[in-house]
Amino acid sequence: MTRFRLPEGVLRELVAGVAPPSLAVADDETVLRLFAAAAWSCIPEPGDAVAGAAREALGDVRALELLVDGAAPSRWLAEAGEAAPDLVRHMDAAVDRWRPRLDDARVRRALEQGAAWGQTLLSPVAAEWPIGLDDLGPHAPAALWVRGSLAALVELDRSIALVGSRAASGYGEHVAMEAVEGLVRHGFATVSGAAYGIDACVHRATMAIGGTTIAVMAGGLDRLYPPGNDDLLRRVEREGALVAEVPCGSTPSRWRFLARNRLIAALAQATVVVEASVRSGSINTAGHAATLGRPLGAVPGPVTSGASAGCHRLIRDYGAQLVQGADEMRALVDGDAEPQGLAARVGADETRVLDALSVRQPRDVDDLAARAGMSIAQVRATLGLLDLSGAVEQRGAGWVRSSR
């Protein structure tokens, strides 16, 4: 890593400014690993699966060394061995994406600004790391930047993500506040996305009764977004925690909002969509929860309300559990609810094929492959498994989701 031009003493000083208590007196290897995690939070975009696969196979430090050295894809593959057989296929394009951000000044600035803003940098080597994030596999973040209480993250072992529309109705806010009260009084922390509407209502209601809430941000923690929630988010920092996977200076772009949603789903033990239209970003969060196999709930609303149409679709087509209040939300986690539907029990390939299927219009394998972004062979194999479980039905030359 010599090209980063950071003497050992400077590197240790930079890392010390953001290191968590569990790593306050760390050996040289741990310091290097935390620095590499910071670098990987700066270089790829959130959720970059190639970066995740490389880090998983080689470790953060060695993967960074290979990137800095300009190693050929064949070298990455030779070192990764059987741990990442598909890595070489995508490495050329990935390196082209990463190279413009491969700059020691970028990483140094992230660490210095993180320290200036009182942030803590967590990576999987830290005892405070939320282990639920590991379920994201190659899509897991390299690090988390945190403002607020690290103790709040410990409470995620009993937590529910409550998400919903930015344009929340009075009904949606009422349901959210009542649900939060019941959850907090039974020892649950809440997780949400800091947006206007349902998210803000969840954070505000949780703190109003002394609960713990975590706000997952899409951009760097030097810029609290949206600006209208600035006071609310500063209070979340004092009483809970703000977390992000990108460093200071990172803008909350549309893509980063969508990528952020997977963290909301992974941090919590279950996800509940309180109120959402069919185009709400919270539907994306629900999809991540289902893919992870986490319990998924949705609150019904008036059939005349477009603000609840997304919730109704999750219940009707995607196996979300209909939940009417805190007791049924708690049951998602405590295990005394009914099974959470097919979407919470299948793997990623099955979920993608199910998402591509219609309940009425038969679709052939070629169409499903295009919709799901999978190979035809993958789709055929996945349909076979879904057919055995009764989740799909063949109609003529096409397939539909089973109505059973």
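Quick rundown of the values:
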item: Integer Hz, Karplus 6.51/-1.76/1.60 couplings in order for the stretch 287-294, x for Gly and Pro; result: x, 5, 4, 5, 4, 6, x, 7
item: Over the stretch 102-161, relative contact order from alpha-carbon pairs under 8 Å, at least 6 apart, %; result: 33
item: Taking only Cα atoms of the stretch 247-400, radius of gyration then Dmax in Å; result: 16.4, 55
item: Under 5 Å, built H, 5+ apart or other chain: amide partners of Gly297; result: Thr271, Val272, Val273, Gln321
item: The stretch 265-395, relative contact order [Cα under 8 Å, separation at least 6], %; result: 20
item: Estimated dipole of the stretch 191-338 in Debye, rounded to 20 [Cβ of Lys and Arg +1, of Asp and Glu -1, Cα centre]; result: 480
item: Peptides ranked, highest mean first, by Cβ atoms within 10 Å: ranges 266-279, 238-251; result: 266-279, 238-251
item: Antiparallel DSSP beta bridges within the chain, percent to nearest 5; result: 40
item: Among Gly319, Ser305, Ala391 - extreme Cα towards positive end, dipole of the stretch 247-404, charges at beta-carbon; result: Ser305
item: Rounded to whole Hz, the Karplus (6.51, -1.76, 1.60) HN-Hα couplings of the stretch 239-255, x for glycine and proline; result: 10, x, 7, 9, 10, 8, 9, 10, x, 3, x, 7, 7, x, 6, 4, 4
item: Check: the chain dipole with +1 on Lys, Arg Cβ and -1 on Asp, Glu Cβ, in debye; result: 960
item: Structure-based [θ]222 nm, the chain - -39500 (n - 2.57) summed over DSSP H runs of at least 4, per residue, nearest 500; result: -14000 deg cm²/dmol
item: Spherically averaged projected area of the chain from its Cα convex hull (nm²); result: 19.9
item: Placed amide H near Val392: partners under 5 Å, 5+ positions off or other chain; result: Asp387, Ser402
item: Note, ³J(HN,Hα) from phi for the stretch 116-129, Karplus 6.51, -1.76, 1.60, rounded to Hz, x at Gly and Pro; result: 5, 8, x, 8, 10, 9, 9, 9, x, 7, 8, 5, 7, 4
item: Relative compactness, the stretch 67-185, computed as alpha-carbon Rg over 2.2 N^0.38 Å; result: 1.51
item: Per-peptide average of other Cβ atoms within 10 Å, ordering 150-162, 214-226 highest first; result: 214-226, 150-162
item: Accessible area of the stretch 98-186 belonging to carbon and sulfur atoms, whole % at 1.4 Å probe; result: 50
item: Farthest positive-ward along the stretch 215-274 dipole, Cα basis, beta-carbon charges - from Val243, Leu224, Ile264; result: Ile264
item: Cα-Cα pairs of the stretch 104-170 separated by more than 18 Å (percent); result: 54
item: Positive minus negative residues near Cys248 (Lys, Arg vs Asp, Glu; Cβ under 13 Å); result: +2
item: Relative contact order [Cα under 8 Å, 6+ residues apart], the stretch 117-234, whole percent; result: 22
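The values are calculated or read from the model by the stated rules, or taken from the named source; none is laboratory data. This one's a predicted model, so the numbers in the text were calculated from it and none came from an experiment. For neighbour counting, all protein chains shown are included, and Cβ atoms are generated from backbone atoms with ideal geometry for every residue, glycine included. SASA here: full protein model, heavy atoms, side chains in, ligands and nucleic acids out. Shrake-Rupley method; radii C 1.70, N 1.55, O 1.52, S 1.80 Å.
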